Amino acid sequence: MTEPGHQYSLDDPIPTPTPVSRKVMTVSELNRFARNLLEQNFPLFWVSGEISNLTRAASGHWYFSLKDTGAQVRCVMFKGRNSYLDWIPKEGDKVEARATVTLYEARGEFQLTVEFLQRAGLGALFEAFEKLKAKLQAEGLFDADFKKPLPLHPKKIGIVTSPDAAALRDVLTTLRRRMPNIPVIIYPTPVQGKGAARMIADAIDQASERHECDVLIICRGGGSIEDLWSFNEESVARAIAACDIPTISGVGHETDFTICDFVADIRAATPTAAAELVTPSREIMLQGVTRLEIQLSRNMQFLLQQRQQMLDYLARRLISPLQLIAQQKTLLVQMAYRLDTTFNRKLQVKQHHVQRLAQNLQHLNPGAVLTRGYAFVQDSTGAIIASSEQVRVGDDVKLTFGKGSAEAKINKTNNEAGS
């Protein structure tokens with residue numbers, strides 16, 4: 001875990017977490033632990049590469065990869081960030097991204113959350129920036145151990161900036177609103193142009209020597225990297241490092257980073273933010289509530305972004321309703337064919353069975369026997385007479401032939417078998 005105020009470098013080793021228990025983690029717990037570890041140990045940093053696999057989702061989020069000749073990394077730039085760009089990247093663009101490292105928990109994927117994106121092309125200045133940054137970092141000018149804490153209740157506030165700068169008006173307006181009784185001392189200096197870096201360093205040295213204030217704001221408004229370059233000069237960095245007064249850097253906008261930011265005791269996103277950091281709030285309790293609200297908002301935003309990513313992922317897997325209907329129609333046709341085939345096969349089996357029964361029945365039909373010259377005899381009640389013992393002389397009987405019948409009277413009986 002890095003110390004408060006420490007600026008993490010990609011050259012620094014990543015701290016190894018100490019397990020707090022021996023319980024078996026679930027996959028969700030493991031991914032959440034990995035995400036927290038990554039986010040806590042990797043602050044905002046710049047990375048360059050070529051854009052590939054760019055997808056602009058319906059939600060407004062951008063998904064792409066940054067690659068070079070040896071590797072690639074997945075990236076996401078959410079709608080709330082990419083909407084501020086005045087250009088749209090395309091496949092193959094060489095870019096520089098300011099991003100944080102995170103883990104997409106739902107799929108366990110390492111990715112970068114891009115906060116700002118710009119076209120590559122300012123290589124020389126960036127190279128000089130990185131070289132000086134590496135040099136000063138190696139000398140320990142960025143170490144958290146040497147950072148001085150800001151006073152909770154400063155009696156005087158010093159400002160190093162141009163008297164004509166809009167940033168000065170923003171700072172004075174903020175100081176007057178938050179704590180109008182604190183005196184302000186201005187150390188005027190140009191903040192841009194030839195020789196500006198040397199004069200900024202002299203103004204910082206002067207403030208340190210006089211020791212008239214309890215905290216020193218070094219500020220200017222936003223601009224291009226060339227406009228802000230005076231604050232990337234080594235002379236300014238060393239003047240800040242040597243200053244006995246706690247310093248706060250408020251150079252440019254939130255997305256701008258300078259060497260001044262790394263050397264100063266505290267870096268503020270804007271000049272106005274610097275003025276807010278050096279003055280005590282009149283409502284300390286509200287500050288605590290605000291911090292909780294910000295944290296809750298970030299957690300909700302993260303959760304929402306995770307769910308939006310999941311929705312984007314699921315949306316790409318959805319099947320078209322027409323395609324689904326076509327698949328179901330094909331399935332129904334196949335089922336109907338199989339049903340028809342099975343029904344016809346069973347019907348034929350039953351028909352053959354009925355035919356065999358009809359043939360057997362025909363063989364057993366008494367009428368069929370009668371057609372061959374036989375007849376059967378019934379008494380007056382309709383009972384079949386099978387023996388001469390069942391009749392007596394004079395009884396009326398009925399003879400049934402293969403075709404038609406006749407009535408007769410018994411004249412004689414013979415009880416001998418075969419007679």
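The values are calculated or read from the model by the stated rules, or taken from the named source; none is laboratory data. Everything numeric here is computed off the predicted structure, so don't read it as measured data. Positions of Cβ are generated from backbone atoms using ideal geometry, with glycine treated the same way; all protein chains shown enter the neighbour counts.
Tabulated results
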item	result
Qualifying positions in region 111-121 - more than 14 Å from Tyr63 (Cβ to Cβ), hydrophobic (A, V, I, L, M, F, W, C) and not in a loop (DSSP other than H, G, I, E, B)	Phe116
Scope region 165-175; condition surrounded by fewer than 18 Cβ atoms within 10 Å (Cβ to Cβ) and over 21 Å from Asp214 (Cβ atoms); matching residues	Ala166, Arg169
Test: Val263 is touching a residue at least 24 places away in the same chain (Cβ under 8 Å), in contact with a Leu (Cβ under 9 Å, 6 or more places away or on another chain) and β-branched (Val, Ile, Thr)	yes
Top-ranked residue in region 74-106 [being surrounded by fewer than 17 Cβ atoms within 10 Å (Cβ to Cβ) and of a type in the set (A, V, I, L, M); ranked as modelled with the highest pLDDT]	Ile88
Candidates Arg198, Arg177, Arg220, Arg210, filtered to the one that is more than 18 Å from Pro280 (Cβ to Cβ) and free of Cβ contacts under 8 Å to residues at least 24 places away in the same chain	Arg210
Filter result (closer than 24 Å to Ser224 by Cα and either free of Cβ contacts under 8 Å to residues at least 24 places away in the same chain or crowded, with 19+ Cβ neighbours inside 10 Å (or both)) within region 145-164	Ile159, Val160, Thr161, Ser162, Asp164
Residues of region 43-57 classified as part of a loop (DSSP other than H, G, I, E, B) and within 19 Å of Thr102 (Cα to Cα), total	2
Selection within region 89-109 - at negative phi and either under 19 Å from the mean Cα position of the chain (by Cα) or without any contact (Cβ under 8 Å) to a residue 12 or more places away in the chain (or both)	Ala99, Thr100, Val101, Thr102, Leu103, Tyr104, Glu105, Ala106, Arg107, Glu109
Condition check for Ser235: polar (S, T, N, Q) and farther than 21 Å from Trp46 by Cβ	yes
Selection within region 90-120 - aliphatic (A, V, I, L, M), under 20 Å from Thr255 (Cβ atoms) and touching a helix residue (DSSP H, G or I) at 6+ places or on another chain (Cβ under 6 Å)	Val101
Subset of region 73-102 (residues that are more than 10 Å from Val114 (Cβ to Cβ) and part of a helix (DSSP H, G or I))	Lys79, Gly80
In region 47-73, the residues that are farther than 25 Å from Phe126 by Cβ, touching a Phe, Trp or Tyr at 6+ places or on another chain (Cβ under 6 Å) and surrounded by 17 or more Cβ atoms within 10 Å (Cβ to Cβ)	His61
Among residues of region 376-393, those that are surrounded by fewer than 14 Cβ atoms within 10 Å (Cβ to Cβ), of a type in the set (A, V, I, L, M) and within 17 Å of Gly404 (Cα to Cα), counted	1
Any chance Gln137 is under 22 Å from Ala237 (Cβ atoms), in contact with a Ser or Thr (Cβ under 8 Å, 6 or more places away or on another chain) and in contact (Cβ under 8 Å) with a residue 60 or more places away in the chain	yes
Residues of region 177-191 classified as more than 17 Å from Asp214 (Cα to Cα) and at pLDDT 90 or above, total	4
In region 217-235, residue surrounded by the most Cβ atoms within 10 Å (Cβ to Cβ) [restricted to those that are touching a Cys at 6+ places or on another chain (Cβ under 8 Å) and in a helix (DSSP H, G or I)]	Phe231
Test: residue in region 126-143 that is in a strand (DSSP E or B), within 30 Å of Thr279 (Cα to Cα) and not acidic (Asp, Glu)	no
Selection status of Arg372, touching a Gly at 6+ places or on another chain (Cβ under 9 Å), exposed (fewer than 10 other Cβ atoms within 10 Å of the Cβ) and of a type outside the set (A, V, I, L, M, F, W, C)	yes
Tally of residues being over 19 Å from Glu130 (Cα atoms), surrounded by 13 or more Cβ atoms within 10 Å (Cβ to Cβ), touching an Asp or Glu at 6+ places or on another chain (Cβ under 9 Å) and modelled with pLDDT of 50 or more across region 1-46	5
Only listed residue being in contact with a Lys or Arg (Cβ under 7 Å, 6 or more places away or on another chain), assigned to a loop (DSSP other than H, G, I, E, B) and either modelled with pLDDT of 90 or more or not assigned by TED's automatic domain parsing to the domain that holds Glu254 (or both), chosen from Gly70, Gly60	Gly60
